[in-house]
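Comments concern the structure below.
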Amino acid sequence: MLYSVLDAGNFFVIPGSPADVWAVEAYSKSHEKYQLRKENGFLKDEIVVVVVGSSFFYNELSWDYAVAMHDVGPLLIKYARRNSVEGSFKFVFLCGNSTDGYNDALQEVASRLGLLEHSVRHYGFNGDVNGVLLMADIVLYGSSQVEQGFPSLIVRAMTFGIPVITPDFPIIKEYVAEGAQVIFFQKDNPEGLSRAFSLFISNGKLSKFARTVASAGRLHAKNMLALDCVTRYARILENVLNFPSDALLPGPISQLQQVSWEWNLFRKEIDLGTGDILNMDEWGTSTSSRNSSVVDLLEEEFTKNITENENRSADQDTISELDWDVLHDIESSEEYERLEMEQLEERMDGTFASWDDIYRNARKSERFKFEANERDEGELERTGQPVCIYEIYSGSGAWPFLHHGSLYRGLALSSAARRLRSDDVDAVSRLHLLNYTHYRDILCEIGGMFSIANKVDNIHKRPWIGFQSWRAAGRKVSLSISAEKVLEETVQETEGDVMYFWAHLDMDGGFTRNNNDVLTFWSMCDILNGGHCRTAFEDAFRQMYGLPSHVEALPPMPEDGGCWSALHGWVMQTPSFLEFIMFSRMFVDSLDALNANSSKVNSCLLSSSELEKKHCYCRVLELLVNVWAYHSGRKMVYLDPLSGSLQEQHPIERRRGFMWMKYFNFTLLKSMDEDLAEAADDGDYPREKWLWPWTGEVHWKGIYEREREERYRQKMDKKRKMKEKMFDRLTKGYRQKTLGG
């Protein structure tokens, strides 16, 4: 298929390629115009006019060239007939194959028109096409077919510096200007063609105007198709690629300034004069006279194998009388053996299995069913491990970046995205909120943490817990084998509240520090959130604790040169994790309340970009663990993901006077959590779309007392029914029901 117009459903063709220009420049390095003319019998003073046509050719002289002969006929009569004008003109038709009788047909036409002998010649596409174009003084594009792409032969002729005359097709007028790079004539108009041709001739030689057009066309052809090609490739990438929430988006296509090819990348090959584009085949595509393309070699090998198989199968498919006899003997033998086995089985004593054996075999087959009981090796290896790291991912594209083994377990944010043959946790089944695409997108990885914290005893029974985004492996900040071993050994010996992290903030984003602009925690957060991080965090923190407007509400973060956690790559004790989730649920609820109260519909306080609106809270929630760990007095230790070395960050003794312990106190957070749970239990919602009850467990003292009263009531009802049953037996006696009654 040459163009998508032939099959609009399966092809998207991008026009434009530097191959033609590259081929011409490489060819010009090793060939000289007048030497080629001498070898082919053309004199130096003769005007050689090469007539070319469309890339679609047939076995016989094409109708395309028949129409071209009709248009070119007046030119031939005027310039190639005896004693017509001063100077000598030779018309060369470049078409078809040199061995298929094209030349005889053209010579017959020349004799009928009374043209000079040898004034009309033919060259085929199985010859040196570039040489024919280089010998030309004028190239005439005589096709009557409307092309879908800019003709390759015109590009080559312009690159050789040959003046071109062409019909006024829209695809050609789109790229070149009339009278500047080429000369146009109206299609199927011989008079217009004669007028255009006369502009290139002066006193039997090329005019000064023709040389000007050729020079301008040569400069223009070199990068003529570059912008259109690059733009269409960019449009494909824009429609195909889905960028993650933390990616820096490229600019719009309208801002593309690529107007030329990167010729410096081709220069070495052009200077060497090598490559697979020095010649063209009969379809106008580039080939090499020395090396066949990979496609041609594969096609030749495939055709050869098919031919051999067909010949072999043709010899073997003929069934003889002997084959029928052998087949009949085989069938008779099989039937005899079957009947003999049936008779033997009837004579043997059969042993019937008991119902216990049948039941036991049925249960055994159930245990071997993969859907209900099969687990990967990682689940068995995790038994007895002190820590488990949950790798959070949202699509099948993240599968290659996930780890296997005893230390890791997958956490899928979508039920459809879970890996096959693994025991990955389905976050949606544990937290119904993630069923809604909107909340799953704006919460990102922390939504998976909420699902693990929801009734955590049902899924995680280890003293330490960790998380890691699937993007950590893609950014090469995931733990190496040696670092994993150091982590497992360290947590077993650790006493007290410690947070170990291995993906630090400076690696996340690729931002560099300037000498005059120090990059702090909050400035980095602003960069990652469209410049709105501090304002949004301060407003959410103020609403969360109900602070007045004159009280400072942005927790200070030190500029001590230490690292901060990123990509949710950290490990901490399970009770500390539950405390962090308690704080995070209330903070997310406050942030969502501010976003919901915004005057703009479907707005995002943290970004104005359409893609980042979809993942509105993701980047600020990724950094939230740093604020909580720093101000709650947790020890923060950086674990080098490659070497496994440990280094404490922001030592606690240096935090004196900077920590806001009163806001991160566990007693305060617990009382706030119970107040929210009581309001949710009573149905006293502060707003219509209240997010907090949907992010995890709702539990307070009143619910516990109500559940205890319910259990006590059920226990008393059971005792009462037992007493009534015993009383009935004593008073009325025990009567056995009659059989069949």
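Going by accessible area, probe 1.4 Å, with all protein chains left in place, what is the ranking of GLU39, GLU678, largest first? Walk me through the intermediate numbers first.
Values: GLU39 125, GLU678 70 Å².
Highest to lowest solvent-accessible surface, that is GLU39, GLU678.
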5 angstrom amide H check on VAL48, placed H, neighbours 5+ away: LYS90, ASP137, ILE138
Potential extension, ILE77-SER207 segment - 0.36 nm per residue separation minus Cα distance: 44.7 nm
The stretch 622-729: Cα Rg divided by the 2.2 N^0.38 Å rule of thumb: 1.86
Spacing of the two label points (7 Å from each Cα toward its C-beta) at SER332 and GLU674, in nm: 9.5 nm
Computed FRET value (nearest 0.05) for ARG232 with GLN145, which takes r as the C-beta separation and R₀ as 30 Å: 0.85
Burial order of peptide ranges 712-725, 388-401 (average beta-carbon count within 10 Å, highest first): 388-401, 712-725
HIS432 accessible area, assembled protein chains, probe 1.4 Å, Å²: 100 Å²
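Viscosity 1.306 mPa s, temperature 10 °C: give me the Stokes-Einstein translational D for the stretch 375-694 in µm²/s, with Rh taken as the Kirkwood radius over C-alpha pairs. Could you put the intermediate results ahead of the total?
On the way: Rh = 20.3 Å.
The estimated diffusion coefficient comes to 78 µm²/s.
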Peptides 495-503, 412-420, 231-239, 553-561 ordered by average Cβ neighbours within 10 Å, highest first: 495-503, 412-420, 553-561, 231-239
Rounded accessible area of MET726 (nearest 10 Å², 1.4 Å probe): 100 Å²
Residue list for the stretch 536-572, given a label point 7 angstrom along the Cα-to-Cβ vector of GLU648 and an amide N cut-off under 19 Å: 558-565, 571-572
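From the protein chains alone at 1.4 Å, what is the descending order of accessible area for TRP263, TRP355, largest first? Write out the running numbers ahead of the final one.
Details: TRP263 25, TRP355 205 Å².
The ordering from most to least exposed comes out as TRP355, TRP263.
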Amide hydrogen neighbours beyond the local backbone of MET499, cut-off 5 Å, H modeled: LYS635, MET636, VAL637
Estimated inter-spin distance, LEU554 and THR383, nm [label 7 Å along Cα→Cβ]: 5.3 nm
Accessible surface of SER194 - all protein chains present, 1.4 Å probe, nearest 10 Å²: 30 Å²
Accessible area in the full protein assembly, largest first, 1.4 Å probe, for ASP137, ASP329, ASP357: ASP329, ASP357, ASP137
For ALA412, net neighbour charge (Lys/Arg +1, Asp/Glu -1) across residues whose Cβ lies under 9 Å away: 0
Residues whose placed amide H lies under 5 Å from that of ARG121, excluding near-sequence neighbours: PHE91, VAL92, PHE93
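The values are calculated or read from the model by the stated rules, or taken from the named source; none is laboratory data. The structure presented is a predicted model; accordingly, all values stated were derived computationally and were not measured. Cβ: placed from backbone, ideal geometry, glycine included. Neighbour counts: every protein chain shown. Side chains are part of the model used for accessible areas, which takes the heavy atoms of the whole protein and leaves out ligands, DNA and RNA. Shrake-Rupley method; radii C 1.70, N 1.55, O 1.52, S 1.80 Å.
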